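Down below is the structure, laid out as structure tokens.
The values are calculated or read from the model by the stated rules, or taken from the named source; none is laboratory data. For clarity, every value in this text was computed on a predicted model and none was experimentally measured. Cβ placement follows ideal geometry from the backbone for every residue including glycine, while neighbour counts extend to all protein chains displayed.
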């Protein structure tokens, strides 16, 4: 299948017009989509510089985050439009957590989902740990003992804007990634519970679903999980010698 044909099919399912303003989405090159034959696509959360790109057995990279450098392989970016579209990244996260979606979180953009359940915070943490590929999480405990209304945002949602919005929508708990120090202080002030399940782990269900979508369109797709873009060092036993 030509890249242009695959891209047309993908954009019928996930329109570019859904993307947030100034978000870099679509084909970025190199080459021309109408001249590139695609038998296999490689799915990435991020393209990280490295020699592995020259050895990658794929005709097209489909990457969620816009890269910070020009990739050597033809690349298509599917970012906030994949987060927003019905059945995309946020719905995949809800499915992974086995919670029922009842509404959109941010009405203006379509970012995030509101879900319902009824459990204690400890039970929900166990549910998150079983569902997502991670070895730790961070939590800011709010005033709630029973969790009934949850907001989820795949990736980047634990910023002050979304924390305030979660409070305005009477959400008991907001789950996402990228918690900051100011965000945690704001959550304490508002009395809302936050779970930082990491940017990467909350994105992986959406990437798996993206692989399934591309495969259904007729192109083999493999997920390339590069892991965290940093290493965790245990300082107690750490030595540079």
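Quick look at the values:
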{"item": "All positions within the range 143-161 that are over 15 Å from the mean Cα position of the chain (by Cα) and buried (at least 21 other Cβ atoms within 10 Å of the Cβ)", "result": "147, 150"}
{"item": "Flag if residue 210 is in contact (Cβ under 8 Å) with a residue 40 or more places away in the chain, buried (at least 21 other Cβ atoms within 10 Å of the Cβ) and in contact with a helix residue (DSSP H, G or I) (Cβ under 7 Å, 6 or more places away or on another chain)", "result": "yes"}
{"item": "Segments classed as strands (runs of 3 or more DSSP E), wholly inside the range 127-241, with at least 2 members that are closer than 21 Å to residue 85 by Cα", "result": "146-152, 173-176, 220-224"}
{"item": "Test: residue in the range 102-125 that is farther than 27 Å from residue 10 by Cβ, without any contact (Cβ under 8 Å) to a residue 24 or more places away in the chain, touching a strand residue (DSSP E or B) at 6+ places or on another chain (Cβ under 8 Å) and outside any helix (DSSP H, G or I)", "result": "yes"}
{"item": "Search result, residues across the range 47-71 that are in a loop (DSSP other than H, G, I, E, B) and in contact with a helix residue (DSSP H, G or I) (Cβ under 9 Å, 6 or more places away or on another chain)", "result": "47, 59, 64, 65, 71"}
{"item": "Every pair of residues 6+ apart whose Cβ atoms lie under 6 Å, when the first sits in the range 134-152 and is touching a residue at least 24 places away in the same chain (Cβ under 8 Å) while the second is surrounded by fewer than 14 Cβ atoms within 10 Å (Cβ to Cβ) and part of a strand (DSSP E or B)", "result": "148/118"}
{"item": "Qualifying residue in the range 18-34 (condition: assigned to a helix (DSSP H, G or I), in contact with a strand residue (DSSP E or B) (Cβ under 9 Å, 6 or more places away or on another chain) and surrounded by fewer than 18 Cβ atoms within 10 Å (Cβ to Cβ))", "result": "yes"}
{"item": "Check on residue 66, in contact (Cβ under 8 Å) with a residue 24 or more places away in the chain and either buried (at least 18 other Cβ atoms within 10 Å of the Cβ) or not assigned by TED's automatic domain parsing to the domain that holds residue 25 (or both)", "result": "no"}
{"item": "Total residues in the range 79-97, condition touching a helix residue (DSSP H, G or I) at 6+ places or on another chain (Cβ under 7 Å) and part of a loop (DSSP other than H, G, I, E, B)", "result": "2"}
{"item": "Failed item in (1) in contact with a helix residue (DSSP H, G or I) (Cβ under 9 Å, 6 or more places away or on another chain); (2) surrounded by fewer than 18 Cβ atoms within 10 Å (Cβ to Cβ), with residue 111 passing the rest", "result": "(2)"}
{"item": "Selected residue [closer than 22 Å to residue 205 by Cβ, surrounded by fewer than 16 Cβ atoms within 10 Å (Cβ to Cβ) and within 17 Å of the chain's Cα centre (by Cα)] from 78, 48", "result": "48"}
